Amino acid sequence: MYSKSATILNEAGLHARPASVLVQAANKFKSEISIKVNDKTMNAKSIMAILAGSISCGSQVDIVGDGEDEGEAVDSIISLIENKFGE
């Protein structure tokens, strides 16, 4: 298991477009990837789970990977978050 933390910087939080980018990135990896916010844990490969999480700007998230490519997966998603999903 490998995890890192980041802060959501997008003004609108994880709305549809960045959530879609995150899910596409997560689905490129074999590992299970989760997003933890406060007491909620969401599957990073599910657009519905992420949108239902209502993750707002300024939220501290933990990206957790578990599997053969967990480090690469988590680092890739952290990079997306830190770069505001290209917005």
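The values are calculated or read from the model by the stated rules, or taken from the named source; none is laboratory data. The shown structure was predicted, so the numbers you read here are calculated from the model rather than taken from an experiment. Glycine also receives a Cβ, built like all others from the backbone with ideal geometry; neighbour counts cover every protein chain displayed. What goes into the accessible areas is simple: the full protein's heavy atoms, side chains included, and nothing from ligands, DNA or RNA. Shrake-Rupley method; radii C 1.70, N 1.55, O 1.52, S 1.80 Å.
Side notes on the structure shown:
- Looking at the chain, the accessible area is 54 square angstrom per residue; that uses a 1.4 Å probe and ignores ligands, DNA and RNA.
- In the range 1-84, trypsin sites (Lys or Arg not before Pro) in a DSSP loop with at most 14 other beta-carbon atoms within 10 Å: K28, K30
- Of all accessible heavy-atom area on the chain, the percent that carbon and sulfur account for (1.4 Å): 47
- Evaluated over the chain, the count of Lys pairs having alpha-carbon atoms less than 14 Å apart is 4 (only pairs 8 or more residues apart or interchain).
- Spin-label proximity, T7 to the range 67-85 - amide N less than 18 Å from point 7 Å beyond Cα toward beta carbon: 78-85
- In the chain, chymotrypsin sites (Phe, Trp or Tyr not before Pro) in a DSSP loop with at most 15 other beta-carbon atoms within 10 Å: none
- With θ taken as phi - 60° and the Karplus curve 6.51 cos²θ - 1.76 cosθ + 1.60 applied, the whole-hertz 3J(HN,Hα) list for the range 53-58 is x, 6, 7, 9, 4, x Hz, x standing for glycine and proline.
- If you model the chain as an ellipsoid using its alpha carbon gyration tensor, with each semi-axis the square root of five times an eigenvalue, the axes come out at 18, 13, 12 Å, biggest first.
- Length available on full extension from K28 to D62: 0.36 nm per residue minus the Cα-Cα distance, which gives 10.3 nm.
- In the chain, the longest principal axis of the Cα atoms and the axis of helix 70-82 are about 20 degrees apart.
- Under the criterion of Cα pairs below 8 Å and six or more residues apart, the relative contact order for the range 1-45 equals 28 percent.
- Degrees separating the helix 16-26 axis from the principal Cα axis of the chain, which is the longest one: 10
- Sequence-distant residues sharing a close amide H with K4 (under 5 Å, placed H): I63
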